[in-house]
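Written out below as structure tokens is the structure these notes cover.
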Amino acid sequence: MEKSTAINVICQDKPGVLRDVAAAVAHFEGNIKYTQQFILSKGEHKGLAAIYMEIENVPSGHKLAKKLKAITDVESVSFHQPFEKIWGSRIIIIGGGAQVAQVALGAITEADRHNIRGERISIDTLPIIDENNIAKAVNAVSRTHRASIVVLAGSLMGGKIAQEVTKLQNEGFKVIALNMAGSVPDVADLVVTDPVQAGTFAVMAIAKTASFDLDRVSGRRF
């Protein structure tokens, strides 16, 4: 088994099941790096719970599966590659629909070039309006699994959004903004007038197969 793996446990929706699954992983000294839980809404397991975990340092998948299946409320156990190897790093594009679509066009086109060469980069879009809504979305980026960089696409952004951008940067995230009205361009790491080019820059900034260094152009406008 690979040093890093993922398990998906289908189980009854009951209190204590997550505790029992985590205890089984801990029994083999596995280190849970990421987990998510939700109730299945369709298919043969409709109404059951799914517990997905990405784990490091599990010496035997067979033994872990056997211990998990021994839990009374567990229905099935399956092993998978972690999301990082499937979906890869995520680019988050937030803002007005027309601008978001154009940024996505550039990002998807550029990501395709790098993914063909072995990268894994995925593009997430959120067409949304209103200062409060966008500020909440920016705030949520740091809690979004595999999020790597943010592009803010709109005609006017400032106030609470700019405050959340600064907080996000303090947590180590880079933010690219379109050249728009408001205070967001003043605090963004990079400001780009052409939305298609903004999407291209976002991919180049996180791609391992690119030579673009966002820090070298930080604070500039194109």
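Tabulated results
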quantity: 2 or more residues touching a strand residue (DSSP E or B) at 6+ places or on another chain (Cβ under 6 Å) and among the charged types (D, E, K, R): qualifying strands (runs of 3 or more DSSP E) within the range 46-131; calculated: 49-56
quantity: Any hit, the range 155-171, residues being assigned to a strand (DSSP E or B), under 17 Å from residue 192 (Cβ atoms) and in contact with a Gly (Cβ under 9 Å, 6 or more places away or on another chain); calculated: yes
quantity: Unique residue being among the small types (Gly, Ala, Ser) and either buried (at least 19 other Cβ atoms within 10 Å of the Cβ) or in contact with a Pro (Cβ under 7 Å, 6 or more places away or on another chain) (or both) when the list is 140, 98, 104; calculated: 104
quantity: Some residue of the range 70-78 being modelled with pLDDT under 90, crowded, with 18+ Cβ neighbours inside 10 Å, more than 30 Å from residue 185 (Cα to Cα) and in contact with a Leu (Cβ under 7 Å, 6 or more places away or on another chain); calculated: no
quantity: Condition check for residue 81: polar (S, T, N, Q), surrounded by fewer than 15 Cβ atoms within 10 Å (Cβ to Cβ) and over 20 Å from residue 141 (Cα atoms); calculated: yes
quantity: Candidates 138, 165, 100, 77, filtered to the one that is of a type in the set (Val, Ile, Thr), assigned by TED's automatic domain parsing to the domain that holds residue 14 and touching a residue at least 24 places away in the same chain (Cβ under 8 Å); calculated: 77
quantity: Condition check for residue 203: surrounded by 15 or more Cβ atoms within 10 Å (Cβ to Cβ), out of contact with any strand residue (DSSP E or B) (no Cβ under 7 Å at 6 or more places or on another chain) and not charged (D, E, K, R); calculated: no
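The values are calculated or read from the model by the stated rules, or taken from the named source; none is laboratory data. Keep in mind that this is a model prediction, so the values were computed, not measured. A quick note on method: Cβ atoms are made from the backbone with ideal geometry, for glycine too, and the neighbour counts reach across all protein chains shown.
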